[in-house]
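First comes the structure, then the notes that go with it.
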Amino acid sequence: MSAIVADRGADRHPLFNLKSLQEQGTFTDVTVIVDGHRKFQAHKTILVVFSDFFRTMFDGPHWQEASSDVVYLQDDSVTSDVMGRLLQYAYDPSSDLGLTQENVLETLAAADHIQAPAALKKCCDFVKSVMMEEVATLKKYFWKLTVYAEKYPDLSGFQDDLLHLFARNFCAMMELKDSIELVNAEWLGAMLERDDLCAPSEFAVLEAVLRWVRHLPGDRGQYTTSLLSHVRFGLIPKDMLTSPTLANDTCFPGLKEACHTAVQYHYLPQEFRPSVSFEYDRPRGTSNVLLAFNTDHSSFCYSDMGNTQYFDLDSRQWITLKQVKPPSIHPVGSSAILDGRFMVVRCEKEIFSLDLGNESWEKLPDMIRPNPDSQLCLHDGFLYAISATTSERYDKSTGHWQWIAPLNEPRAGIALVSYMGHLYAIGGTKDMESSNTVEAFDPKRNKWDIKSSTTKSHSKTIAFVANGKMYVTSGDYGTCNASVVEVYSYGNSFGAWSKVDQSLVSPGAVQAGSKVFFIVGRRVFDGGVRILPDQVFPTDMYGWREIWEKQDVWHEVVPLAVERFE
């Protein structure tokens, strides 16, 4: 007893002692047994407040546990590890529940089984804040999380957040086998009506709808006309609507008529246009577009007199974005993107940030050791700046830089990419020689680990993630100086690199699975082109030469979420 009294602080609330009582097994009145042998001492009062499952159990006369001091949890979803963390959270709500990307789903399943709303909310908040920024993670967990979102519709708007994430990554999500099989016509129609639906172009939205129908044409063909009414044909250029293959496909009743109406809409003057819905040509919300800016008027660039421009993926033309001006210093080097709207770019030794919400540039605090060769990459909420001589990261929440462990093999000109919970540094140059070294930084251990080397040495290379795999290009900045841009992928069960077939792709673009990515400068972005098994027409890349045939790109090009129509 004296130990308990001594542990009480003068300014602490008495309820803070509950955790100490549980840890010491004092005044506990129930033993919870998990995995057949692991015992946890607890207080029924705490369990009843924390869990509706235990409230029903201890309050129900037909439950034998109501009059017992031992409870056996035999459901496979509740392991001893998870139960220990749930109990710790029940007694100390200020704890983080010990959540990681690896255990959050099993924790969510256990919290669902014991009906613990506070723990469910904690898991959902973790998913939203940590796991859903990468499309690969969203694709992996979305449909599993949807089960809980539908089961608990009042859980802090989690279902709305999931739907928003699906809409924001609509085309990528509609390529999933689970999406094609699980989505019904009503759900898809509601998704198409959303203004926050983001896609590389409206034509990509149309392709996603047709792909969904084509999966089961006999059953889904009857919904084609209704779904097409939600596609904003007024946003699709007329030359993309006149493809004979597209308009004459018998799998899609009403498609030919819809394309014909859209072509008329584009050709006829305003007063003679056919009557269509209000949303026919209403722009979607913010979409990822290719943004280019440069203040050096003497250099070759896409920007018009130093203005920032974006590449419209429907018209395939560069358009001036009048509201956003470039920084006063000529941007060089690398950049990183946060939440699709906040961007940082290196201008020699200084780093600037662009907040599209405020449409303004701001200089970030100087690095501890400014280096003009640092490569930038966003990982786990931090901005990393890595070079041969310095390794630092910037915490936006505190506004400070901090040292991290240096590379095991210092190299200049590395490619940085965030992949599977680690920051990868690939290739680069050491002692004037190209390197094939690959290192992965583990923030929890503050340590770089040597990984499988790339198949060949890479200097001035580019790394990116798609379809759950990591890719690296052959280098040379991805311009058309090379006849073919070689690509190597990493992410198979053997942890080795392998060359990716590029037979369908022209110089300046790379293929990763079904997607075609374009390279401008030292940036890779998703151009919205898809090569899918069910496509009956070849992929036309001619219209993209406005991007990938440009050489000696001197400006910074980044994909950001902006309003594409002004």
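Values quoted throughout were computed directly from the atomic coordinates according to the rules given, and no laboratory measurement underlies them. Because the structure is a prediction, the values reported are computed rather than measured. Every residue, glycine among them, receives a Cβ derived from its backbone with ideal geometry; neighbour counts consider all protein chains shown.
If packing is taken as the average number of other Cβ atoms within 10 Å across a peptide's residues, how do 214-226, 372-384 rank, most packed first?
Ranked from most to least packed, the peptides come out as 372-384, 214-226.
Quick check: pseudo-label points 7 Å beyond the Cα along Cα→Cβ at ASP154 and ASP29, how many nm apart are they?
Distance between label points: 2.8 nm.
Using 7 Å Cα-to-Cβ label points, what is the TRP63/HIS164 separation (nm, one decimal)?
Output for this residue pair reads 3.6 nm.
Can you tell me the length gained on complete extension of the stretch GLN317 to ASN446, counting 0.36 nm per residue apart and subtracting the Cα distance?
42.0 nm
For the range 60-82 and the range 168-219, what is the centre-to-centre distance using only Cα atoms, to the nearest Å?
Going from one Cα centre to the other spans 43 Å.
Using only the Cα atoms of the range 368-466, what are the Rg and Dmax in Å?
12.7, 40
So for GLU257, GLU433, fewest C-beta neighbours within 10 Å to most, what's the order? Don't jump to the answer; show the numbers that get you there.
Values: GLU257 12, GLU433 9.
Ordered by Cβ neighbours within 10 Å, fewest first: GLU433, GLU257.
Using a cut-off of 9 Å between beta-carbons, work out the net charge of the residues near SER80 (Lys and Arg +1, Asp and Glu -1, SER80 not included).
Net local charge, SER80 excluded: -1.
Express in nm, to one decimal, how much length is gained between HIS266 and ALA405 on full extension, taking 0.36 nm for each residue of separation and deducting their alpha carbon distance.
Stretched out fully, the HIS266 to ALA405 stretch lengthens by 44.3 nm.
Neighbour counts of other C-beta atoms within 10 Å: give me ILE351, ILE450 arranged from fewest to most.
On the way: ILE351 24, ILE450 11.
Neighbour counts put them in this order, fewest first: ILE450, ILE351.
Give a residue-ordered list of calculated ³J(HN,Hα) values for the range 399-411 (Karplus: 6.51 cos²θ - 1.76 cosθ + 1.60, θ = phi - 60°; whole Hz; x for Gly, Pro).
With coefficients 6.51, -1.76 and 1.60, one gets x, 10, 8, 9, 5, 10, 4, x, 4, 5, 10, x, 9 Hz.
Where the convex hull is taken over the Cα atoms of the range 25-78, what is its projected area averaged over directions, in nm²?
About 3.8 nm², averaged over all directions.
Test of the criteria: in the range 89-177, which GluC sites (Glu not before Pro) are in a DSSP loop and have at most 10 other Cβ atoms within 10 angstrom of their Cβ? Let's see the in-between values first.
Working: sites: GLU102, GLU106, GLU133, GLU134, GLU150, GLU175; in loops: GLU102, GLU133, GLU134, GLU175.
Counting only loop positions with at most 10 other Cβ atoms within 10 Å, the GluC sites (Glu not before Pro) in the range 89-177 are GLU102.
For a quick check of your reading of the filter: which trypsin sites (Lys or Arg not before Pro) in the range 362-448 sit in a DSSP loop and have no more than 14 other Cβ atoms within 10 Å?
LYS444, ARG445
Averaging over every viewing direction, what projected area does the convex hull of the Cα atoms of the range 170-272 cover, in nm²?
Computed as one quarter of the Cα hull surface, the answer is 6.6 nm².
Each residue of the range 441-458 in turn: what ³J(HN,Hα) in whole Hz from Karplus with 6.51, -1.76, 1.60 and θ = phi - 60°, glycine and Pro shown as x?
Per-residue couplings from phi come out as 8, 9, x, 5, 9, 6, 8, 9, 10, 6, 10, 4, 5, 5, 4, 9, 6, 10 Hz.
Can you give me the pair-distance distribution of the range 87-181, C-alpha pairs, 10 Å bins, whole percents?
Final binned percentages: 15, 50, 28, 6, 1.
Determine, from the Cβ-Cβ distance of LEU216 and ASP366 and an R0 of 51 Å, the FRET efficiency 1/(1 + (r/R0)^6), rounded to the nearest 0.05.
Plugging the Cβ-Cβ distance into 1/(1 + (r/R0)^6) gives 0.30.
Give the peptides 135-145, 197-207 in descending order of average Cβ contacts within 10 Å, highest first.
So the peptides 135-145, 197-207, ranked by packing, come out 197-207, 135-145.
For HIS422, HIS164, HIS62, HIS458, what's the fewest-to-most ordering of other Cβ within 10 Å of each Cβ?
HIS62, HIS164, HIS422, HIS458
With a ≥ b ≥ c the root eigenvalues of the C-alpha gyration tensor of the range 78-124, is it rounded (a/c under 1.5), prolate (a/b larger than b/c) or oblate? Don't skip to the end; give the middle numbers.
Working: a/c = 1.20, a/b = 1.14, b/c = 1.05.
Judged from the Cα gyration tensor, the range 78-124 comes out rounded (a/c under 1.5).
Taking the Cα-to-Cβ direction at TYR72 and at ALA118 and moving 7 Å from each Cα, how far apart do the two end points lie in nm?
If labels sit at TYR72 and ALA118, their model points lie 2.9 nm apart.
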